[in-house]
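This report concerns only the one structure given below.
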Amino acid sequence: MVQAAKLIGAGSALIALAGVGAGIGIVFGSLIQSASRNPLMAKQLMGYALLGFALTESIALFTLLVAFLILFGSSNKSHLCERVNHKNDILTKVCLVLNT
């Protein structure tokens, strides 16, 4: 059941990749259109287009990071609380909540 939920969550997290593909297409489509309208600005527009590409691609990398965290992240949080044994410590209270 948990594995199925992980797969569904990772698949739904990857929906953002469709937006990234569309965004990259829009960036370079706008570059071609603006360079054809004003060829003297083509070099400066290329810099703007590469910046837009890099920012759009960073969204894809963050999306993949989230998907991998969902798939391969630890679902067992008890290992975080092995060394906590103070009764009045806030970490103890957090670990008690996580383990229930």
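How many nm separate the modelled label positions at residue 40 and residue 55, each set 7 Å beyond the Cα in the direction of the Cβ?
Modelled inter-label distance: 2.7 nm.
Say each of residue 14 and residue 1 gets a label point 7 Å from the Cα, pointing the same way as Cα to Cβ; how far apart are those two points in nm?
Rounded to a tenth, the inter-label distance reads 2.6 nm.
Go through region 39-51 residue by residue and turn each phi into a ³J(HN,Hα) via Karplus (6.51, -1.76, 1.60, θ = phi - 60°); whole Hz please, and just put x for glycine and proline.
x, 5, 9, 4, 5, 5, 5, 5, x, 5, 5, 5, 5
Give, in nm to one decimal, the length gained when the segment between residue 65 and residue 30 is fully stretched (0.36 nm per residue of separation minus the Cα-Cα distance).
So the chain would gain 9.7 nm between residue 65 and residue 30.
How would 6, 43 line up from fewest to most surrounding beta-carbon atoms within 10 angstrom?
Lowest to highest Cβ neighbour count: 43, 6.
The numbers here are math on the coordinates, done by the rules we state, and not lab data. Everything quoted here is computed from the prediction, not taken from an experiment. Positions of Cβ are backbone-derived with ideal geometry, glycine not excepted, and every protein chain shown enters the neighbour counts.
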